[in-house]
Amino acid sequence: MTVDHRPRKRFGQNFLRDHRIIEAILTAADLHPADAVLEIGPGQGALTERLLERVDRLQLMEIDRDLAAYWQQRATDQLQVHVGDALRLDWPALLTRPPYKLVANLPYNISSQVLFKMLAHRQLFSCFVLMFQKEVADRLRAAPATAAYGALSVLFQQAFAIRSVVQVPPSAFIPAPKVWSEVLHFTPWAQPQVVVADEVFFHRVVKAAFAQRRKTLRNCLQAAGFAPAVIDRVANETGIDAQRRGETLNLSEFAVLSQALAPYAPAS
C-alpha cells in the first residue's frame, strides 16, 4: 500500500506507478534477502514496498518531510530512514555495512548531481539501477563522435559498465512528465576501463576538453591554462592531433592525454 501524497514540483516528484517498469527495475537489481539497498526519493512507495518484500536491509533518503515522517513511522530493523537532501547527506557515515545496491526512481531535479555522488562513493556499492531522463541516459551511454557524447560519457564509462534496462513513457508516472525516461544498470568495473594515475586530474582534462564543445583540443586546453608549447609537445608525444575536438577522443586517448599533460598541470 502506498502513501497518499500530493506531488511537489520543487522536489522533482514524479511518482512511478507502472508495475511493469517496477518489475523490470527489480529484475535488473537481482535482489536477494541478504542484500543491503539504498533508495533515494521513495515518494509514495510503489517501488519501496516491493523492495521491502525482497531484502532484509533497506535505507531511504527522503527530503520531503511529510513523506519522510510517513516512512519514519514504518522504520524497523529492516527499514532505516534518513531525512534530508541526498546530495548533502554523508553517504559513508550512513552506509556503514557495504556493499549496497542503489535502486531508485531518482527525482529529475537531482539526478545529474546524484551521478557524481555515486561516482565518488562507488566503492560502497555493488551495482546501481537508476531512472534518468532519456536525454541524460543517452549521454551516459554515448559513443565517441556522436551528438550525445560528452564528459559524462567518458567519466562514467571509465568507472562503470553501463547497460539499458527499459525505456519509460511519461504515462508511467503521476504526474506525467513531458519527457521519456530510461532505467540504466551500472556495475563498477573491478579495474577501470583505462588506467588513470590521477583520477582527479583525468576528470579535469576531460571536462576541459568538452568545456567549449565546438572548439579544438588546442583551444580548450589553452582555456584551461595549458601553455601552447606544452600542448604542442604533448600532441607530438601522444600522436593526438590538437586540432581534433574532444568529442572525437575515446577513453584510451583521454587516458593517454591526461597522463602526458599531468607534469605540466597549471594550478587549479
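The values are calculated or read from the model by the stated rules, or taken from the named source; none is laboratory data. In this text the structure is predicted, and so the values were computed from the model without any measurement. Neighbour counts are summed over all protein chains in view; Cβ atoms, including those assigned to glycine, are modelled from backbone coordinates with ideal geometry. Heads up: the accessible areas ignore ligands, DNA and RNA and are worked out on the full protein's heavy atoms, side chains in. Shrake-Rupley method; radii C 1.70, N 1.55, O 1.52, S 1.80 Å.
Loop-only trypsin sites (Lys or Arg not before Pro) in the stretch 158-223, please: DSSP not H, G, I, E or B, and at most 14 other Cβ atoms within 10 Å.
On the way: sites: R163, K178, R204, K207, R213, R214, K215, R218; in loops: K178, R213, R214, K215.
Counting only loop positions with at most 14 other Cβ atoms within 10 Å, the trypsin sites (Lys or Arg not before Pro) in the stretch 158-223 are K178, R213, R214.
Taking just the alpha carbons, could you work out the radius of gyration and Dmax for the stretch 125-165, both in angstroms?
Every Cα atom of the stretch 125-165 included, Rg and Dmax give 10.1, 31 Å.
Quick one: Karplus J couplings for the stretch 102-118, per residue in order, coefficients 6.51, -1.76, 1.60, θ = phi - 60°, nearest Hz, x for Gly and Pro?
9, 10, 6, 8, 5, x, 4, 6, 10, 4, 5, 5, 4, 3, 6, 5, 5
Whenever you get a sec, line up W189, W71 from highest to lowest accessible area (probe 1.4 Å, protein heavy atoms).
I get W189, W71, largest accessible area first.
Non-local amide H neighbours of W189 (under 5 Å, H modeled in plane, Pro and chain starts lacking H): which ones?
F160, A161
Counting only residues 5 or more places away or on other chains, whose amide H sits under 5 Å from the amide H of V168 once H atoms are built in the peptide plane?
Those qualifying (amide H under 5 Å, at least 5 residues apart or on another chain) are S181, E182, V183.
Given the protein chains as shown and a 1.4 Å probe, how many square angstrom of Y264 are accessible, to the nearest 10?
Result for Y264: roughly 80 Å² accessible.
Taking a cut-off of 19 Å, what percent of all Cα-Cα pairs in the stretch 115-268 are separated by more than that?
Cα-Cα pairs in the stretch 115-268 separated by more than 19 Å: 56 percent.
With a/c under 1.5 counting as rounded, go ahead and sort the stretch 14-126 into rounded, prolate or oblate using the C-alpha gyration tensor (a ≥ b ≥ c being the square roots of the eigenvalues; past the cut-off, prolate if a/b is larger than b/c, else oblate).
Because its axes are fairly even, with a/c under 1.5, the stretch 14-126 counts as rounded.
Just by accessible area at a 1.4 angstrom probe, what is the order of V83, V168 from largest to smallest?
The ranking, largest first, comes out as V83, V168.
Each residue of the stretch 255-261 in order: what ³J(HN,Hα) in whole Hz does its phi give by Karplus 6.51 cos²θ - 1.76 cosθ + 1.60, θ = phi - 60°, with x for Gly and Pro?
Whole-Hz 3J(HN,Hα) from phi for the stretch 255-261: 5, 5, 4, 5, 4, 6, 7.
In sequence order, what are the phi-derived ³J(HN,Hα) couplings for the stretch 226-237 according to the Karplus relation 6.51 cos²θ - 1.76 cosθ + 1.60 with θ = phi - 60°, rounded to whole Hz, with x for glycine and proline?
Karplus-based 3J(HN,Hα) across the stretch 226-237 equals 7, 5, x, 5, 5, 4, 5, 4, 5, 4, 5, 5 Hz.
Accessible area, 1.4 Å probe, largest first: how do R244, R97, R139, R88 sort? Spell out each step's value before the answer.
Details: R244 65, R97 140, R139 90, R88 200 Å².
If we order R244, R97, R139, R88 from most to least accessible, we get R88, R97, R139, R244.
So how long is each side of the stretch 189-268 along the principal axes, counting just the alpha-carbon atoms, biggest first, in Å?
Computed over the stretch 189-268, the largest-to-smallest principal extents equal 36, 25, 23 Å.
Report the accessible area of T248, computed with a 1.4 Å probe over the heavy atoms of all protein chains in place, in Å² rounded to the nearest 10.
My reading of the accessible area for T248 is about 50 Å².
Roughly how much of D35 is accessible, in Å² to the nearest 10, using a 1.4 Å probe?
30 Å²
Report the label-to-label distance for F201 and A267 in nanometres (one decimal), using points 7 Å from each Cα along the Cα→Cβ vector.
Distance between the two pseudo-spin positions: 1.7 nm.
Largest first, please: the extent of the C-alpha atoms of the chain along each principal axis, to the nearest Å.
Projected onto its principal axes, the Cα set of the chain covers 64, 38, 29 Å.
Mind ordering 229-238, 53-62 by average Cβ neighbours within 10 Å, highest first? Please list the in-between numbers first.
Numbers: 229-238: 15.4, 53-62: 19.2.
Output ranking for 229-238, 53-62: 53-62, 229-238.
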